[in-house]
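First comes the structure, then the notes that go with it.
The values are calculated or read from the model by the stated rules, or taken from the named source; none is laboratory data. Every value quoted in this text rests on a predicted model; they were computed, and no experiment measured them. Note: ideal-geometry Cβ built from the backbone for every residue, glycine included; neighbour counts use all protein chains shown. Areas reflect the complete protein model, heavy atoms only, side chains present, ligands, DNA and RNA absent. Shrake-Rupley method; radii C 1.70, N 1.55, O 1.52, S 1.80 Å.
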Amino acid sequence: VLSVITVLLIAGISLIIVRLWRSTWMEKMSLAVISPIYEINTRTWGTRLDYSGRPRLRKFSEVPDTELSDLRAYGFRTIWLMGVWQISREACEVSKRYAEDFMGSTYAIADYKLNPELGTEKDLKNLVKKAHKAGLKVILDFIPNHMGIGSPWITKHPEYFIHKKLTREENLLPN
């Protein structure tokens, strides 16, 4: 009788431990699956025109705490700051052919350094701290195959890239 009670007791404790572990694990998994990520294009987020009519990017230090807490209140647990990297000057010049207020692709990256128009590394770290205080996680992306024309990587590390000699027809295409 004692051994049956011991087995039942051990089985019951094991079942409780498994249920606790599963509920914690399941809770974490469900949060990861159902928690939407709020993607923020930092080049348009809060951008406004300056006195001369040129777009001025909002700096990391200018993001109010209330905006972050509002995102958390809307159910987001993570923000993805897209476009924080410095883009190439040449990519900006090409973009102006299409529209004066077009600032270039966020993925025409010159180097994986913060865009100084958005602020400093310290400013970004402070924004991340504010986001964490609001209950938000922060994602920055690193996509090494996204490089802009004029990136120093192209000349310093040509082995990183696939090169192709243009055909006569391709050379005749408009820029």
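Give the accessible surface of the range 30-175 per residue, rounded to a whole number of Å², with probe radius 1.4 Å and ligands, DNA and RNA excluded.
Values: 9710 Å² over 146 residues.
With the other protein chains kept in place, the range 30-175 gives 67 Å² per residue.
Heavy atoms only, probe 1.4 Å: what % of the accessible area of the range 112-175 goes to carbon and sulfur, would you let me know?
The C+S portion of the solvent-accessible surface of the range 112-175 is 60 percent.
Using label points projected 7 Å from each Cα along Cα→Cβ, tell me how many nm separate Tyr107 and Glu170, to one decimal.
1.9
May I ask which of Lys59/Lys156; Lys113/Lys165; Lys59/Lys96; Lys113/Lys137; Lys59/Lys137 have a Cα-Cα span longer than 26 Å here?
On the way: Lys59/Lys156 31 Å; Lys113/Lys165 30 Å; Lys59/Lys96 22 Å; Lys113/Lys137 21 Å; Lys59/Lys137 19 Å.
Pairs exceeding 26 Å: Lys59/Lys156; Lys113/Lys165.
Taking +1 at the Cβ of each Lys and Arg and -1 at the Cβ of each Asp and Glu, which of Gly104, Thr120, Val94 sits farthest along the dipole of the range 88-135 towards its positive end, judged by Cα position relative to the Cα centre?
Of Gly104, Thr120, Val94, it is Thr120.
Tally Lys and Arg at +1 and Asp and Glu at -1 over the other residues with C-beta under 15 Å from the C-beta of Val84: what net charge comes out?
Details: positive: Arg43, Arg58, Lys59, Lys113, Lys122, Lys125; negative: Glu39, Glu62, Asp111, Glu117, Glu121, Asp123, Asp141.
Surrounding charge for Val84 is -1.
At a threshold of 8 angstrom on Cα-Cα distance, excluding pairs fewer than six apart, so keeping six or more, what relative contact order does the range 52-107 reach in percent? Provide the component values of the computation, followed by the final result.
Numbers: 26 pairs, mean separation 16.5, N = 56.
For the range 52-107, the relative contact order is 30 percent.
Using r as the Cβ-Cβ distance of Ile149 and Trp45, and R0 as 22 Å, what FRET efficiency do you calculate, to the nearest 0.05?
Values: r = 25 Å, r/R0 = 1.14.
For Ile149 and Trp45, the calculated efficiency is 0.30.
Students often get this wrong: which residues of the range 149-173 have the backbone nitrogen under 11 Å from the point 7 angstrom along Cα-to-C-beta of Arg97?
It comes to 173, nothing else.
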